[in-house]
Every structure is written in C-alpha cells, then in structure tokens.
Amino acid sequence: MPEPTSMQILDTVIKVGLGALVTGVVSYLISEKNRQHDVEKTKWESRKYILLEATNSAQQYFSSASKLLAALDGVSKDIESNGQPYSDYKKFLKVKDESYVDATGDLERCYALLLILVGDNSEASKKIWEYQEEVSSLRKSVFRSSAGLNIPTQHEISRYRENLSNLRKDFYCSLRKNVGLNNA
C-alpha cells in the first residue's frame with residue numbers, strides 16, 4: 001500500500017471536515033427550528049388553557065343569569081295567567097338572585113383571564129361588562145323597587161332575553177376574533 005501524499009491527506013481532511021461542518025450546521029438549524037416550534041406550541045397551549053378557563057367562567061356566569069331570567073319569566077307568566085304569582089315566589093326569586101350574585105365571581109374570573117389573554121380594551125371584555133350591565137338593570141328594576149318586587153311583563157322579559165342573547169353571542173364572537181381563531 002503506497003504512502004498517501006500530503007495533498008491526499010489534506011483532501012481527505014477537507015472532505016471529512018467539510019462534511020462534518022455541513023452536518024453540524026444542518027443539525028443546528030433543524031434543532032433550532034424544532035425548539036422554536038416547541039416554544040410556539042407551549043405558548044398556544046397556555047393561551048388555549050386560559051381561553052377555556054375564561055369561556056368556562058363566562059358560561060357559568062351566563063347560566064346563572066339565564067336561570068334568574070327564567071325564574072322571573074315563570075313568575076311573570078303566573079301573574080299574567082292567574083292575576084298573581086304563587087305564594088312562595090319571593091323566596092324562589094331570592095334564591096335565584098343569590099345564586100346569580102354568587103356567580104359574579106365567575107364574571108370577575110373571566111374578566112381577569114381576558115386581561116391576561118387579550119387585554120383590557122378587547123371587544124370581548126367590553127361585551128361581558130355590557131351583559132353584566134343589562135342584568136344589573138333588570139335586577140335593579142325587580143329587586144330595588146320601593147313597592148317590593150317589581151316583576152317584569154312577558155314583553156319586558158322577552159326584550160331582556162333577546163338583548164342578553166345578543167350580548168352573549170357578541171361576547172363569544174369577539175372572543176373568537178380576539179384570540180385569532182377566525183379561520184380555525
């Protein structure tokens with residue numbers, strides 16, 4: 001076997017070294033791309049968790065308000081069909097109102113999560129407070145009347161139901177838009 005010349009040795013070193021260098025650079029670039037993908041995936045998972053928690057809290061709050069409205073609707077129907085509500089309606093409405101008041105903690109939690117997720121000036125943040133203001137208006141007219149409980153008419157309840165339904169829908173649509181799920 002003949003002795004390799006210094007040119008042959010240099011040629012082999014350059015080929016091996018250049019191959020190793022190319023392999024190292026490509027490996028680094030692939031590793032960096034995978035790391036960036038993992039970071040983005042982790043960010044998305046965190047945002048998804050916050051979104052689900054905010055949505056769950058909002059749903060709990062909306063459900064409680066709907067139950068209060070349904071209770072008022074039942075009492076209103078009794079008044080319109082019988083001329084008066086059943087005798088225990090005050091206690092019944094008080095329980096539903098207390099449940100609603102307890103659910104305002106869900107509203108606060110939802111708002112806090114929205115602050116983290118999309119900020120204070122988001123449309124979703126505004127819509128959930130508009131919803132709360134509409135329910136507060138209803139509660140004020142019913143429970144803060146100087147003549148005792150002021151039960152709304154079926155027509156008034158229908159108007160509240162429509163307004164609240166539209167605000168709830170607007171909240172979810174704006175939340176979807178605010179978190180970038182328009183095309184998902």
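Quickly estimate the mean residue ellipticity at 222 nm for the chain, helices only: each DSSP H run with n ≥ 4 gives -39500 (n - 2.57), and the total goes over all residues, rounded to 500.
-30500 deg cm²/dmol
Is there a pair in K67/K91; K90/K140; K41/K169; K94/K169 whose C-alpha atoms are over 22 Å apart, and which pairs would that be?
K41/K169; K94/K169
For segment 84-184, what is the convex hull volume of the alpha-carbon atoms per residue, in Å³?
Cα convex hull per residue, to the nearest whole number: 115 Å³.
Could you derive backbone 3J(HN,Hα) for segment 151-156 from the dihedral phi with the Karplus parameters 6.51, -1.76 and 1.60 (θ = phi - 60°), listing whole Hz in sequence and x where the residue is Gly or Pro?
6, x, 6, 4, 5, 5
Accessible area per residue, 1.4 Å probe, Å², for the chain: what's the number? Spell out each step's value before the answer.
Values: 12080 Å² over 184 residues.
Here the per-residue accessible area is 66 Å².
What does the charge count around Y111 come to, taking other residues whose C-beta lies under 14 Å from its C-beta (Lys +1, Arg +1, Asp -1, Glu -1)? Each step should come with its number before you reach the end.
Numbers: positive: R109, K126, K127; negative: E53, D106, E108, D120, E123, E130, E133.
Local charge sum for Y111: -4.
Determine the share of the chain's accessible area contributed by carbon and sulfur atoms, expressed in whole percent, with a 1.4 angstrom probe.
That fraction is 55 percent.
So, by mean Cβ neighbours within 10 angstrom, what's the order for 60-72, 34-46, 94-106 with the highest one leading? Show your work: numbers first, answer last.
Working: 60-72: 19.5, 34-46: 10.2, 94-106: 15.3.
Ranking, from highest mean packing down: 60-72, 94-106, 34-46.
The values are calculated or read from the model by the stated rules, or taken from the named source; none is laboratory data. What you are looking at is a predicted structure, and each value in this text was computed from that prediction instead of being measured. As a convention, Cβ positions derive from the backbone with ideal geometry for all residues, glycine included, and neighbour counts pool all protein chains shown. Ligands, DNA and RNA are excluded from the accessible area calculation, which covers all protein heavy atoms including side chains. Shrake-Rupley method; radii C 1.70, N 1.55, O 1.52, S 1.80 Å.
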